[in-house]
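The values are calculated or read from the model by the stated rules, or taken from the named source; none is laboratory data. This structure is a prediction, so every number in the text was calculated from the model and none was measured. Cβ atoms come from the backbone with ideal geometry, glycine included; neighbour counts cover every protein chain shown. All accessible areas refer to the heavy atoms of the entire protein, side chains included, with ligands and DNA or RNA removed. Shrake-Rupley method; radii C 1.70, N 1.55, O 1.52, S 1.80 Å.
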Amino acid sequence: MRALRTSLLLATLASLPAVTLHAADDTYGAEVYTKNCAQCHEQTTEARVPPRATLEKMTSAAIIRALETGVMREMGAKITLSERIAVGAYLGK
C-alpha cells in the first residue's frame with residue numbers, strides 16, 4: 001500500500017508544471033537540507049555520497065524519489081513528506 005501511495009505521489013509531482021519558489025520556500029528547503037543532509041553531501045571524502053553539485057543536477061522528482069523509495073529511503077523516513085518535498089524543490093532543477 002505504501003509503495004502504491006508513493007508511486008501516486010511521485011506521478012503527481014512529476015506531472016506538475018515547474019513553479020518558481022518563493023524565498024521562504026527556499027529558506028525552508030535550505031534549513032531541512034542543512035539539518036539533515038549537508039553533513040554527508042557537503043563533504044567529498046566518501047565516494048558513495050554524491051556531492052551537492054551532483055544533487056543539483058537532478059530533478060526535484062528524482063531527489064524525492066530517492067528519499068521515498070531509493071537509496072536514501074532510510075534517511076527520508078526520518079523526515080516528513082513536506083520536508084522531503086522541500087529538499088527536492090531546494091536542490092532539484
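Here the range 43-93 exposes an accessible surface that is 57 percent carbon and sulfur, computed with a 1.4 Å probe and the other protein chains kept in place. Distance between the pseudo-spin-label points of THR34 and LYS57 (7 Å out from Cα toward the beta carbon): 2.7 nm.
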